[in-house]
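These notes concern the structure reproduced below.
Throughout, read-outs are computed from the coordinates displayed, never taken from laboratory work. Predicted model only: the values in this text are computed from it and were never measured. Positions of Cβ are backbone-derived with ideal geometry, glycine not excepted, and every protein chain shown enters the neighbour counts.
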Amino acid sequence: MPTSHTLLALLEREPAHGYTLKRQYDERFAQTRPLAFGQVYASLARFEKQGWARVTDVVAGEGPERKRYRITPEGTNVVENWVFEPQSAGVFSTSTLFARVAVALMSGRSAQTVLANQRATHLVRMRELTGLRKGAGADGLLAISYELAHLDADLRWIAESGERLDKVPRDIAEEER
Amino acid sequence: MTGTSVLAANDVHLSYGDTVALRGASLELTSGERVALMGPSGSGKSSLLHCLAGIIRPDSGEVTLEGTRVDTLSERVRSRLRLERMGVVFQFGDLVPELTLVENVMLPLQLLGRKKREARLTAMDLLAALDIDDVAGKRTGAVSGGQAQRAAVARALVHRPAIVLADEPTGSLDTVTAEVVLDAMVSLSTQLGAALLVITHDNLVAAHLDRHVEMRDGVVTRAAQVLR
Ligand SMILES: Nc1ncnc2c1ncn2[C@@H]1O[C@H](COP(=O)(O)OP(=O)(O)O)[C@@H](O)[C@H]1O
Ligand SMILES: [Mg+2]
């Protein structure tokens, strides 16, 4: 769960309340949708249970927002391991594009339409990101160029697959002759 | 964006001998619009641009510039209209190597009969806006590819055309330089109120433009026009 590890890493910098973590997370990591408060408090409760963080002080009142948390040495270890553990190189689990194209081919639906739709959506997002570059700080630029590069890679695969799919009927027709 | 048609191709066909390049291509650009024309190599992008620019006359179909049919006009009249209302940028800027950058940029204005002094001032303004006024006095061979290409952009815009047509304008540049040239071309044409059609197969280039259109086998695909 990248979100909770990222929250834990934010907590590593200094003890914080849930709302501070949420704000910092939204500033640095939430490119599209802000984090729900509920998710932050759920993560913090879990950190406490697993011994990754503990409550340092509690102000008077009700609800989870009165607690301030501090990371534990064990929590720091978790962050450390997470940062350096390479991600699985298989990306198929994070994107449904490949699966949807494969299903379209398998079921006789138009794979070209799947590709064309995704292409259009990707280009719109790339347009948006390109606009966001102006006025973005160093952190922002890093995130934007990361996303741009990945969308670009997807689009190259889409173009290549589109051309390959174009050739399929021709190849079959040639074989039949 | 007013939606007034600036340049349009309607059901354009074109063959080079036995090679069919365009088989019913249609595309319309409205005033101030910024469009990327994409598609595989050989799909007819350059051919369509040449027809739109009036460089080639299509075998059939219509080309209209600001609502007036132009494909039926003589070569001479089409050249004149191109000079007055369009700016064209190619992959390798096509600047005149014997002239300096500023002289290249002055050229369209002088061909349109403006006085040399006035042409130079206008050209220098534009070169300054593109941050290449420091090399204005150098010949094309003595400047970098990015600087030459920015001069080509300046030359395409100096006479305030209704539309700029660019064929792979950053195709010969590295990514960082391409960004600079592209940013300049997009912002300057917007500032001067020109529509922009950019042929590219680079998604990062296309991401600078508002509408994305795709060609395949000599036609503009319907999917690309609907799904933008
Ligand atoms: N001057 C020419 N003479 C003969 N064939 C040409 C010429 N220009 C282009 N073609 C052919 O026309 C088709 C479309 O080419 P073009 O418009 O250059 O496509 P694109 O710009 O999308 O790569 C291709 O098959 C190409 O080989
Ligand atoms: Mg071409």
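Annotations for the structure displayed:
- Its alpha carbons give segment B:129-220 an Rg and a Dmax of 13.6, 44 Å.
- Across peptide A:155-167, the average count of Cβ atoms from other chains found within 10 Å of a residue's Cβ is 2.
- Alpha-carbon centroid distance for the pair segment B:1-37 / segment B:72-96, whole angstrom: 16 Å
- The residues neighbouring residue A:151, those whose beta-carbon lies less than 12 Å from its own, together hold a net charge of 0 under the Lys/Arg +1, Asp/Glu -1 convention.
- Take each residue of peptide A:121-128, count the partner chain Cβ atoms within 10 Å of its Cβ, and average: the result is 5.
- Rounded to the nearest 20 debye, the dipole magnitude of chain A is 500 debye, with +1 charges on Lys and Arg beta carbons, -1 on Asp and Glu beta carbons, and the Cα centre as origin.
- Remark on residue B:88: its backbone amide H falls under 5 Å from those of B:165, a criterion applied only to residues 5 or more positions apart or on other chains, H modelled at 1.01 Å from N.
- Above-threshold pairs, the threshold being 26 Å between Cα atoms, out of B:115/B:138; B:45/B:138; A:167/B:45: B:45/B:138
- Helical contribution to [θ] at 222 nm, DSSP H n ≥ 4, -39,500 (n - 2.57), averaged over chain A, rounded to 500: -23000 deg cm²/dmol
- Ordering A:41, A:146 from the fewest to the most neighbouring beta carbons within 10 Å gives A:146, A:41.
- Computed over the alpha carbons of chain A, Rg followed by Dmax gives 22.5, 84 Å.
- Integer Hz, Karplus 6.51/-1.76/1.60 couplings in order for segment B:60-72, x for Gly and Pro: 8, x, 10, 10, 10, 10, 6, x, 9, 5, 10, 5, 7
- Peptide packing for A:108-114, B:157-163 was compared via the average number of neighbouring C-beta atoms within 10 Å per residue; ordered from the highest value, the list is B:157-163, A:108-114.
- Share of Cα-Cα pairs in the protein assembly as shown lying beyond 42 Å, as whole percent: 32 percent
- Whole-number D in µm²/s for segment A:12-52 (Stokes-Einstein; Kirkwood sum over Cα pairs; 37 °C, 0.692 mPa s): 304 µm²/s
- Each Lys and Arg contributes +1 and each Asp and Glu -1, all at the Cβ; summed about the Cα centre of segment A:2-84, the dipole is approximately 120 debye.
- Orientation-averaged projection of segment A:2-84 equals 5.2 nm² [convex hull of Cα atoms, one quarter of hull surface area].
- Counting all C-alpha pairs of chain B, share separated by more than 31 Å (%): 18 percent
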